[in-house]
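Working notes for the structure below.
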Amino acid sequence: MLRIRGLTVAYGAEPVLDGIDLDVQVGQFASLVGPSGSGKTSILRAVTGLLTPTHGEVDLGVHAADVGFLFQDDALLPWRTVRENVTLGLRIRGVAPEAAAATAQGWLVSLGLAGLEDRYPRQLSGGQRKRVAIAQVLALEPRLLLMDEPFASLDAIVRMRLTEELLTWVERKHLTVLLVTHDLEEAITLSDAVYVLSQGPRATIRAAHPVPIPRPRHVLASRADQAFAPLLQRLWKDLE
Amino acid sequence: MTARPGTRRTAAFLLLAAAWETAARAGWIDPFYAPAPSRVASVLVSLFVQGDIWRHLEATLVSAFAGLLAGVALGMLLGFAAALLPGVAELLEPVMILLNAIPRVILAPLFVIWLGIGLASKIALALILVAVLIFFAVYSGIKEVDRRLVERVRTLGGGRRALIQEVYLPSIAAWVLGNLKIAVGFAFTGAVVGEFVASTRGLGYLLQFAQSTYNAALTLALIVLIMACALVLFALAERLERRLLRWRYV
């Protein structure tokens, strides 16, 4: 589905990313791990078109409207209520207000936000804001989901819970996902394949590992799987 | 238990007035320069009893409001234009920076020469005071709009129209309304100073008259009246801001 070929990104003279090749198959959950500053985020920004690469090609494999992007920070519109934030993408696409509100309500209930519809973002906790951001993206029913350390700012308990919920959604909807993270355990728990990015500048894909843990998965059970620890050690070695 | 700040402030004000009153009655201060608060109050009351004050109040408030509305409109228009069109920015920025650096009330005599001693010159002064303030609020506001919100709307499929509607307009509304209280004060200043320079009506005119006749009681009464007007306008501006920017105060 997603095909990245020879992606090179340079902000100054020296490229941050140098010739990245990466494939994500339909229905596959791929993770991209790497040290901070290696240009992980730049890859996602190039994929979404927020950044124009110096060289290389990105083929989404789907229409741009079928791509959902979950950011690291939960930049919700502060002047819009929870409901209005969730319907934002639908409204932009010209969905009728009643239909958009109905769709949004379904997602708000699914994500445990029922009763908070008329709140403003500053009245929510960090975890709730993240749920609104997830609902905002999932309400558009994307086929390809790109995530940039979506849970980095959350505390451990909320993070665990949201990861579990996300896992359920991804498996139920057979979403194709590319996740960028520096959390190796998270990458293994969630993915079918883990790509390791080398230390930048001139970062390249250093290794790609399949994750042989059966689906459906659960966060804790996956960590107890016999394949988990050896793979974690391999990833650590790759990053050294 | 501590009293509310409002109560404490009122108590402090009353204490000061009482001390002043006592000092005036005891003859410690010259009533020619500093008439007792009771004397100022009675002048104030007589202004309203005679009824002449109303047409002066009307003139000042009309100038201030007209200048405020026109100034906000012009400031927003120019701020928008400068933020979106680099050519306009190059032309406007130096002028606005200059106008922002100087005390803009020095333009009052010029407006009298150009527009006469009627309301127009007062409106123009209030307008220029407000417009420069709003220009910078909108201009720098658009330039410093939250990039994350822009990117979020874009990745959700939003184009120029969605960006303006969902991000730029609400951001600008927030900056303009955030400056509204200051703008109201500026508009009032423009109107009163304009009248002070040359006019036949208004609180500024009365103030000028009181000064020229060395009438300290009338001067003080007018100062109190102008302060009261400003406080009422501030409160109104604050209520408007809180209503329209509800998301910021919930």
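The values are calculated or read from the model by the stated rules, or taken from the named source; none is laboratory data. Everything quoted here is computed from the prediction, not taken from an experiment. Cβ atoms come from the backbone with ideal geometry, glycine included; neighbour counts cover every protein chain shown. Ligands, DNA and RNA are stripped out before the accessible areas are found, and what is left, the full protein with its side chains, is counted by its heavy atoms. Shrake-Rupley method; radii C 1.70, N 1.55, O 1.52, S 1.80 Å.
Quote the convex hull volume per residue of the protein assembly as shown, based on C-alpha atoms, as a whole number of Å³.
About 226 Å³ per residue, rounded to a whole number.
Working with all protein chains in place, sort B:T155, B:T200 by solvent-accessible area computed with a 1.4 Å probe, largest first.
B:T200, B:T155
Before anything else, pin down the relative contact order of segment B:36-249: Cα pairs under 8 Å, at least 6 apart, normalised by residue count, whole percent.
Contact order relative to length: 29 percent.
In segment B:36-249, with Lys and Arg counted as +1 and Asp and Glu as -1 at Cβ, which of these residues, B:V197, B:T155, B:M76, has the Cα nearest the positive end of the dipole, that is, farthest along it?
Of the listed residues, the answer is B:T155.
Residue by residue through segment A:138-143, what is 3J(HN,Hα) from phi via Karplus (6.51 cos²θ - 1.76 cosθ + 1.60, θ = phi - 60°)? Round to whole Hz and write x for glycine and proline.
5, 4, 8, 6, x, 9
For helix A:156-173, what angle does its Cα long axis make with the longest principal axis of chain A, in degrees from 0 to 90 and rounded to 10?
90 degrees
For A:T189, what charge total do you get from the other residues with a beta carbon under 11 Å from its beta carbon, if Lys and Arg give +1 and Asp and Glu give -1?
-3
So for chain A, averaging the separation of alpha carbon pairs under 8 Å that are six or more residues apart and normalising by length, what relative contact order in percent results?
28 percent
Short version: ³J(HN,Hα) in whole Hz for each residue of segment B:175-180, in order, from phi by Karplus 6.51 cos²θ - 1.76 cosθ + 1.60 (θ = phi - 60°), x for Gly and Pro, what are they?
5, 5, 5, x, 9, 4
To the nearest 0.05, what FRET efficiency results for B:Y33 and B:L244 with a Förster distance of 51 Å applied to their C-beta separation?
Efficiency, from the Cβ-Cβ distance: 0.65.
Using modelled amide H (1.01 Å from N, peptide plane; none on Pro or chain starts), what sits under 5 Å from the amide H of A:I20, excluding residues fewer than 5 places away?
A:G6, A:L7, A:T8
Going by a ≥ b ≥ c, the root eigenvalues of the Cα gyration tensor, does segment B:189-250 fall in the rounded group (a/c under 1.5), the prolate group (a/b larger than b/c) or the oblate group?
It is prolate, given that a/c is not under 1.5 and a/b is the larger ratio.
Testing the spin-label approximation: label points 7 Å from Cα along Cα→Cβ at A:A99 and B:E151. State their distance in nm.
3.1 nm
Could you tell me what fraction of 2.2 N^0.38 Å the Cα radius of gyration of segment B:36-249 comes to, as a two-decimal ratio?
My calculation over the Cα atoms of segment B:36-249 gives 1.21.
Of A:K40/B:K143; A:K40/A:K237; A:K130/B:K181, which ones are farther than 25 Å apart at the Cα?
A:K40/B:K143; A:K130/B:K181
Let me know the mean shielding of A:71-82 by other chains, meaning the per-residue number of their Cβ atoms within 10 Å of its Cβ.
Mean shielding count: 5.
Using only atoms on other chains, find how many Cβ atoms lie within 10 Å of each Cβ of peptide B:154-161 and report the average.
Whole-number average of other-chain Cβ neighbours for B:154-161 is 6.
Work through the residues other than B:L14 whose Cβ is under 14 Å from its Cβ and net out their charges, Lys, Arg +1 and Asp, Glu -1.
+1
What residues have an amide H closer than 5 Å to that of A:V177, excluding those fewer than 5 places away on the same chain, when H is modeled at 1.01 Å from N in the peptide plane?
A:Q28, A:F29, A:A30, A:L145
Give the long-range amide H neighbours of A:L50: residues separated by 5 or more places, or on another chain, with amide H under 5 Å away, using H modelled in the peptide plane at 1.01 Å from N.
Amide H neighbours of A:L50: none.
Give me the accessible area per residue for chain A, probe 1.4 Å, as a whole number in Å².
43 Å²
Per residue of the protein assembly as shown, what 222 nm ellipticity follows from adding -39500 (n - 2.57) for every DSSP H run with n ≥ 4, rounded to the nearest 500?
Calculated from helices alone, the mean residue ellipticity at 222 nm is -18500 deg cm²/dmol.
Just reorder B:I182, B:I123 by solvent-accessible area, largest first, 1.4 Å probe, all chains present.
The most accessible residue leads, giving B:I182, B:I123.
Loop only by DSSP, 15 or fewer other Cβ within 10 Å of the Cβ. Give me the chymotrypsin sites (Phe, Trp or Tyr not before Pro) in segment B:1-102 that pass, ordered by residue number.
Sites meeting the loop and neighbour criteria: B:W28, B:F32, B:Y33.
With θ set to phi - 60°, apply the Karplus curve 6.51 cos²θ - 1.76 cosθ + 1.60 along segment A:193-203 and write out the HN-Hα couplings as whole Hz, x wherever there is a Gly or Pro.
Per residue, the Karplus-derived 3J(HN,Hα) values read 8, 10, 9, 10, 9, 7, 5, x, x, 6, 5 Hz.
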